[in-house]
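Read through the structure below, which is laid out as structure tokens, and then see the notes.
All of the numbers you see were taken from the coordinates with simple rules; none came from a lab. Being a predicted model, the structure only gives us computed values, none of them experimental. Note that we place each Cβ from the backbone using ideal geometry, even for glycine, and neighbour counts take in every protein chain shown.
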Amino acid sequence: MSFSDSDSSSHGGATEYKTFRQISRDRLLYEMLGSTKTGDSKSTWKVLIMDKVTVKVMSHSCKMADITDQGVSLVEDLFRRRQPLPSMDAIYFVQPSKENVIMFLSDMSGREPLYKKAFVFFSSPVPKEFINHIKSDTSVLPRIGALREMNLEYFPIDNQAFITDHERALEELFGDVENPRKFDACLNMMATRIATVFASLKELPCVRYRAAKALDESTAATSWDLVPTKLAAAVWNCISKYKSTIPNFPQTETCELLILSRSVDQIAPVIHEWTYDAMCHDLLDMDGNKYVHEVPSKTGDQIERKEVLLEDHDLIWLELRHAHIADASERLHEKMANFVSKNKAAQIQQSGRDGSELSTRDLQKMVQALPQYTEQVDKISLHVEIAGKLNRIIREMGLRELGQLEQDLVFGDAGAKDVINFLRTKQDASPENKLRLMIIYASVYPEKFEGDKASKLMQLAKLSHEDMKVVYNMQLLAGSSDNKKTTGSFSLKFNAQKTKQAARKDRTGEEETWQLSRFYPMIEELIENLSKGELTKNEYSCMNEPSPTVQGGSLRGTQSASMHPSQISAPHSMRSKRTANWARAHHSDDGYSSDSSVRLASTDFKKMGQRIFVFIIGGATRSELRVCHKLTTKLRREVILGSATIDDPPQYITKLKLLPDRDLSLDGLRI
């Protein structure tokens, strides 16, 4: 068994810098599929056989046309009945499971195998007993053209993001503490998939993680607070083995990995994020990145439903996705105006509407410009339609006022009085939006959302017991009630002066161009501090201390996760009153003006520093993905976001609802 000796590390002197997603794609197409073009297999078509996991790995990185270009004429499911093709070679890209190995041996053993020769690639490290089982079948062994570990079992969802595809990670890691088997299976699979990211890129990370906190000096940390520590240890255990099993794998640290739990920021998953991308996924009925819209049929007498994918191949989407919705709307208007002013067919069509007669020359110009006109106007019109729909929903749901209150709460400019006033005057607000507001309020003011206070507030919001459970589960995950005590009585005639307190100061040199662009996820400051070497080790421990000398492959630093009580910041403002660089208009240098995001991909990556990886257990958000793109430009280091899933607010709330009831008590709070 061998590992292809390709130089996929991006820090190799004069070698061209490739992005995270490019390396993933190149390894699958060239290192795996391309490597089978040898000897008498060089020019023949092949069958590609995958399981349900590896087919998703492949589809997240490659198009069918890419696979066909590498000599694959047929893609098959390992567990479906397949037609024997004894004259063709087969490429197996599968997980190293017992069932998969048995199915492979069934295909290739005996006198009449399904295929002439088999090239076998495993997505993650293979247990020795499986290899021995394969080698013990003497009829199969001569038919194997390759037997390798690809170590690629993650799902790139963006040029700078991947998921491990654990939809129930929040429930299995933070929910059912009485089922250690589910916990261990989820944690180990997640660790294995994270580790294959570093195997693919040939990067050895310095593994940092948020250290567990004890409730006090005499109390052990809670089980859910230990999850980042356990995951960091499992990831390092996998990666340390690569140092001796993968040729040319670095022996000293080449990048940084920061492992966090969702508790680091409970506001980001529920607050209204005002970028084009986040608004589309939050407010529109989208299936993943698939958007369905209505267009006139070719005959013009009917309306057809058309599916489009809002992904990287759409350059307008690529340019606008991280822009503020107001900025995106303005840019789309300018694009349409510029297109009409420059395109002859559009001008002629416009003049035809004015009633003027079209000359023969006009018609000739129109025909010549028509194909390009149709394609371009369709793309622009699609986004004009989406932006218009979003703005209409924002108006109808009164989201601007709600969004202002959400951000004022986060920055310490609003309190209980403002929340109560909103709930009284905006009784037509949707239950989901009121619940999201309650989660934000409880995150910022945990001591004011306990016992009788919380019940009366939820009654005023007309929210159910199930909704109350969501807020309490959020508090348990965040550990926000650890040191808060219920004091005083609560009245809906709350008249106390609202607290105006900020935990952070304004940042100079950043202006606010668009309203409601103040909010930023907590990982923005964490990544910046990590890049500057300013993360404290008692709060963010290191699994393997960086060293200029070669370290051994043993699991080091597990004792560094001792339960240091971290400093507790002021609860009334979790974000500083800074404004967002990413929301600036066209002349900003934030990497999102006009076509700069497209330009960045081809030029700015050439002089990057070491990569930074951030993995958030329990689901990441689109605002956190946006921050990774922004900081890549700012820090000149490729920042890659990883998580079990990328969750939009409704998905995250559903996951909180599905957490099982716990008979736990925190300061008298029982669920």
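Sort 409-418, 263-272, 95-104 by packing, meaning the average of other beta carbons within 10 Å per residue, with the highest value first.
263-272, 409-418, 95-104
Please work out the FRET efficiency for the pair Lys37 and Glu466, using the Cβ-Cβ distance as r and a Förster radius of 60 Å; give the result to the nearest 0.05.
0.60
I'd like to compare 248-260, 281-293: which one has the highest average count of other Cβ atoms within 10 Å, and what's the full order after that?
So the peptides 248-260, 281-293, ranked by packing, come out 248-260, 281-293.
Roughly speaking, what is the stretch gain from Ala65 to Arg636, that is 0.36 nm per residue apart minus the C-alpha to C-alpha distance, in nm to one decimal?
Full extension of this stretch gives 202.2 nm more.
Can you give me the C-alpha center-to-center distance between the stretch 405-445 and the stretch 87-151, rounded to a whole angstrom?
58
Checking the table Lys537/Lys655; Lys52/Lys655; Lys63/Lys634; Lys202/Lys634 against a 29 Å threshold on Cα-Cα, which pairs fail?
Correct reply: Lys537/Lys655; Lys63/Lys634.
Rounded to the nearest 0.05, what FRET efficiency do Gln83 and Gln427 have when you use their Cβ-Cβ distance and R0 = 56 Å?
So the FRET efficiency works out to roughly 0.35.
Which order do Lys335, Lys532, Lys56 fall in if you start with the one that has the fewest other Cβ atoms within 10 Å?
Arranged by neighbour count, lowest to highest, Lys335, Lys532, Lys56 become Lys532, Lys56, Lys335.
I need the calculated FRET efficiency for the pair Tyr30 and Asp661, taking r as the beta carbon distance and R₀ as 45 Å, to the nearest 0.05.
Efficiency computed from Cβ-Cβ geometry: 0.30.
Counting Lys and Arg as +1 and Asp and Glu as -1, what is the net charge of the other residues whose Cβ lies under 15 Å from the Cβ of Arg111?
-1
Along Cα→Cβ, 7 Å out, is where each label goes; now give me the distance between the ones at Leu315 and Phe339 in nm to one decimal.
1.2
Express in nm, to one decimal, how much length is gained between Thr654 and Ser381 on full extension, taking 0.36 nm for each residue of separation and deducting their alpha carbon distance.
Extra length available between Thr654 and Ser381 comes to 94.9 nm.
Once you have the Cα-Cα distance between Lys290 and Gln251, take 0.36 nm times their residue separation minus that, and quote the gain in nm to one decimal.
Answer, rounded to one decimal: 9.8 nm.
How many nm is it between the label spots at Thr44 and Ile303, if each spot is 7 Å from the Cα in line with the beta carbon?
The modelled label-to-label distance comes out at 5.5 nm.
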